[in-house]
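The values are calculated or read from the model by the stated rules, or taken from the named source; none is laboratory data. The structure presented is a predicted model; accordingly, all values stated were derived computationally and were not measured. Cβ atoms come from the backbone with ideal geometry, glycine included; neighbour counts cover every protein chain shown.
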Amino acid sequence: MRPKKTFIFIFSVLLTGCSSDEKEREVSPRVVKVIETNQQSDIISRRFVGRVDALNTVDLSFQVGGRLSEFPAIQGGVIPEGELVARLEQTDYALALRKAEAESNLARRDMQRKRNLLAHNAVSQSVFDEAQTNFELSEVQLESARQDLSYTTIRAPFDALVTRRLTDLHSNIQPNEQVVRVQDVTELRIRMSAPEALIQYVANSDRFEIEAELLAMPGHRIPLEYREHVTEPDEVAQTYEVEFALIDDTPLVALPGMTATVFISLADDVMPPVIMIPVSAVAKDEAGNFHVWRYNTDEKTVTSQQVALGEISGDSVPVISGLERGTTIVVAGLHLLRDGMPVQPLEQAL
């Protein structure tokens with residue numbers, strides 16, 4: 001019987017020892033790395049990459065064909081509205097117009113003569129009707145010939161910056177063949193892609209200030225004014241294209257295609273300063289809610305705190321709500337924590 005008693009005694013001691021070790025591990029505080037959210041992030045100022053663009057870009061062409069006889073358009077030059085851009089050889093079209101004028105005059109005299117004969121019952125009504133129809137058809141042909149002659153000339157539809165000649169002088173041009181590319185630079189635009197968090201404010205020009213700095217003009221900021229934005233996001237980047245106008249008397253050194261840096265300063269009531277925390281400090285529960293682990297200084301324990309987050313910027317993310325300035329939070333090893341667990345900050349453990 002003595003071996004049995006000895007076995008029971010040893011087993012009891014082992015159980016007591018294991019329970020004691022587990023209890024010791026249970027109460028032993030876990031070492032964690034913490035930070036204090038005492039830094040407010042100034043995200044009311046944002047910077048984006050934009051591109052200078054013209055109000056309109058148009059490829060001009062003739063509606064008729066012929067040989068290009070005049071082409072005063074100079075690349076990089078500005079042609080005032082209504083001035084000549086290009087002209088085709090007009091001889092054939094001028095002759096066609098003269099022929100149409102002669103046929104119209106002949107048809108008019110024939111109709112007038114048969115009207116007089118009809119008044120004296122010398123011709124039938126059908127003969128007069130045929131003469132009248134011929135006259136109307138000749139008028140249509142005359143108008144068509146006039147239009148064809150006018151189509152041999154291209155004039156600037158606006159104060160046009162000639163960006164590129166697409167053909168050469170004396171070339172044979174087909175109808176609707178592109179001849180020259182021009183841009184309307186009466187108002188230069190800057191196009192940029194705005195994130196979802198900003199797009200809802202861009203139309204309210206009194207809610208923010210926006211300026212641009214051109215790569216060709218470093219150090220000189222130009223005020224911008226909102227014009228329009230696309231309401232469908234980019235399929236990949238999920239950003240929205242926004243257009244602003246250069247409202248300053250910007251010199252011609254600002255040309256379409258140039259790169260610009262766009263600076264947007266939002267008002268405090270639009271996007272107030274928020275707390276920025278490391279992404280590593282954010283955990284997510286099964287319901288999809290974000291939370292952080294708040295360190296309770298007095299109790300030396302941690303408590304889960306649900307938060308609302310903004311757009312991630314690098315290794316940091318803004319906390320929109322749920323966390324106050326000066327709160328100490330855990331920034332590493334979140335998956336090992338639970339509510340009420342005793343912890344010890346890493347700085348104190350060293």
If I ask for residues that are of a type in the set (A, V, I, L, M), more than 18 Å from residue 224 (Cα to Cα) and either part of a strand (DSSP E or B) or within 20 Å of the chain's Cα centre (by Cα) (or both), which ones from region 47-74 would you list?
58, 60, 68
Residue list for region 293-325, filter: among the small types (Gly, Ala, Ser) and within 38 Å of the chain's Cα centre (by Cα):
308, 310, 313, 314, 316, 321, 322
Qualifying residue in region 322-332 (condition: at pLDDT below 90 and closer than 28 Å to residue 194 by Cβ):
yes
Against the definition (at pLDDT 90 or above, surrounded by 13 or more Cβ atoms within 10 Å (Cβ to Cβ) and not basic (Lys, Arg)), how does residue 302 come out, yes or no?
yes
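Each row is one residue, and each column tells you yes or no for (1) surrounded by fewer than 17 Cβ atoms within 10 Å (Cβ to Cβ); (2) closer than 29 Å to residue 157 by Cβ; (3) not hydroxyl-bearing (Ser, Thr, Tyr).
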| residue | (1), (2), (3) |
| --- | --- |
| 75 | yes, yes, yes |
| 94 | yes, yes, yes |
| 97 | no, yes, yes |
| 105 | yes, no, yes |
| 108 | yes, no, yes |
| 115 | yes, no, yes |
| 121 | yes, no, yes |
| 125 | yes, no, yes |
Can you tell me which residue is surrounded by the most Cβ atoms within 10 Å (Cβ to Cβ) among those in region 146-203 that are farther than 21 Å from residue 245 by Cβ and hydroxyl-bearing (Ser, Thr, Tyr)?
152
Only one residue in 73, 102 is free of Cβ contacts under 8 Å to residues at least 24 places away in the same chain and of a type in the set (Gly, Ala, Ser), so which one is that?
102
Within region 127-145, track down each residue that is surrounded by fewer than 19 Cβ atoms within 10 Å (Cβ to Cβ) and polar (S, T, N, Q).
132, 133, 134, 141, 144
Read through the list (1) over 19 Å from residue 184 (Cα atoms); (2) at pLDDT 85 or above; (3) small (Gly, Ala, Ser); (4) part of a loop (DSSP other than H, G, I, E, B), then give the number of the only condition that residue 216 fails.
(2)
